[in-house]
1. Which members of the stretch 247-263 meet the condition of being closer than 13 Å to Leu181 by Cβ and buried (at least 24 other Cβ atoms within 10 Å of the Cβ)?
2. Out of Ala202, Ala235, Ala214, report the one residue that is small (Gly, Ala, Ser), over 30 Å from Leu183 (Cβ atoms) and without any contact (Cβ under 8 Å) to a residue 24 or more places away in the chain.
3. I want to confirm something. Restricting to the stretch 158-209 and keeping residues that are part of a helix (DSSP H, G or I) and at pLDDT below 80, which single residue is nearest to Val137 (Cα to Cα)?
4. Between a residue in the stretch 139-162 that is without any contact (Cβ under 8 Å) to a residue 40 or more places away in the chain and any residue that is part of a loop (DSSP other than H, G, I, E, B) and surrounded by 11 or more Cβ atoms within 10 Å (Cβ to Cβ), which pairs come within a Cβ distance under 7 Å, given they are 6 or more apart or on different chains?
5. Would you point out the residue of the stretch 94-111, among those that are surrounded by fewer than 18 Cβ atoms within 10 Å (Cβ to Cβ) and in contact with a helix residue (DSSP H, G or I) (Cβ under 6 Å, 6 or more places away or on another chain), that is modelled with the highest pLDDT?
6. Restricting the first residue to the stretch 274-287 and requiring it to be aromatic (Phe, Trp, Tyr), which pairs with a second residue that is in a helix (DSSP H, G or I) and at pLDDT below 75 meet a Cβ separation below 8 Å and a spacing of at least six or different chains?
7. Being closer than 26 Å to Leu88 by Cβ, in contact with a strand residue (DSSP E or B) (Cβ under 8 Å, 6 or more places away or on another chain) and surrounded by 18 or more Cβ atoms within 10 Å (Cβ to Cβ) is true for just one of Ala266, Ala280. Which residue is that?
8. Residues Ile182, Ile242, Ile196, Ile246: which one is within 17 Å of the chain's Cα centre (by Cα) and free of Cβ contacts under 8 Å to residues at least 60 places away in the same chain?
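The values are calculated or read from the model by the stated rules, or taken from the named source; none is laboratory data. Since we're looking at a predicted model, the values are computed, not measured. FYI the Cβ positions are ideal-geometry reconstructions off the backbone, even for glycines, and counts take in every protein chain you see.
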Amino acid sequence: MGSYIFKRLLLAVPLLFMVALLVFLLIRAIPGDPALLLVGDTSDPQALEEIRRSLGLDQPLATQFWLWLQRLLHGDLGQSLITHEPVLDLVTSRFAVTAQIVLIATAIAASIALPMGIVAAWRQGSGLDATVVAGTVLMMSVPSFWVGILLLLVFGVVLGWAPVVGYVALSDDLLQGVSYLILPVVALVLTEMASITRIMRASTIDILRLDYVAHARAKGLPERVVLGVHVFPNAFGPALTIIGLILGHLLGGAAVVETVFTLPGAGRLLVESIYARDYAVVQGCLLVIATIYILVNLLVDLMYPLFDPRVRL
């Protein structure tokens, strides 16, 4: 078990370095000059050169990467070219909003989808199974932004049960903050639980066909014990992978949902920074998003031995 964890942690180090290098090169490949963006339209080449020197853009590319990597190891992602705020503080504050929505939505989606997938597999071929399959296919076919717009139209505009525009932090006003989070969370739950249900159903069907399940039933164990003790732990592996991918993707920034519901999250910050050509913030957002994705999937890998002892070997 210890060697498994050590190997996974060791593999994450070069992967994080490659992510940092790729993000650095991608930003440098974007057309345009950040120095020119700062000084605006000017005919003073000396001022432009001074800005380039202060940003380190006059150095060779390898030197720029080394200096940026040193600052990165000290937690310095630079400053926004537009607002002049530290990029790390800006991304962290926006990520807190995204994390609230994503963690709640993923927990609710998994708590609904996992038992739904098991029951659908247990009743394979029944009307309940057909309803679950049809529902998952429908929800996987519907774009998340369309679900968000529909929820806003029905519950925000027509019924007036939820606010349509804006955001209030939970720390400022708990009840009002919750009212602003309900519709985004519901939109994410509806769009993401379909894939978890589908994978859990397919995995459970495969496990139910194995001999040890038939043996457990032959011993007279109740069906709830068979499903909960013998089937679920062995069928949960593929679903855990999907949950990890969904969590990493959404924590990286649910840009579409955040834009629809005007939430000041990390995904919306990335979109706004791209439009504003704020290279420092775009670079910081991409790096944080990629790092979160890697760390979440690393955590999923470390959880595998808890559900599948064969992984420890």
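1. Scanning the stretch 247-263 gives Ala254, Val257, Glu258, Phe261.
2. Ala214
3. Applying the first criterion (part of a helix (DSSP H, G or I)) to the stretch 158-209 yields 158, 174-208.
Within this subset, residues satisfying the condition of being at pLDDT below 80 are 174, 176-177, 180.
On the way: Leu174: 36, Gln176: 34, Gly177: 32, Tyr180: 28 Å.
The selected residue is Tyr180.
4. The qualifying pairs are Phe155/Trp161; Phe155/Ala162; Gly156/Ala162; Gly156/Pro163; Gly156/Val164; Val157/Val164.
5. Residues of the stretch 94-111 surrounded by fewer than 18 Cβ atoms within 10 Å (Cβ to Cβ): 96, 99, 103-104, 107-108, 111.
Checking which are in contact with a helix residue (DSSP H, G or I) (Cβ under 6 Å, 6 or more places away or on another chain) leaves us with 104, 108.
Details: Ile104: 87, Ile108: 90.
The qualifying residue modelled with the highest pLDDT is Ile108.
6. That search, which allows pairs on different chains as well, returns Tyr279/Ile27; Tyr279/Pro34; Tyr279/Leu37.
7. That would be Ala280, the only listed residue that is closer than 26 Å to Leu88 by Cβ, in contact with a strand residue (DSSP E or B) (Cβ under 8 Å, 6 or more places away or on another chain) and surrounded by 18 or more Cβ atoms within 10 Å (Cβ to Cβ).
8. Of the residues listed, the single one that is within 17 Å of the chain's Cα centre (by Cα) and free of Cβ contacts under 8 Å to residues at least 60 places away in the same chain is Ile242.
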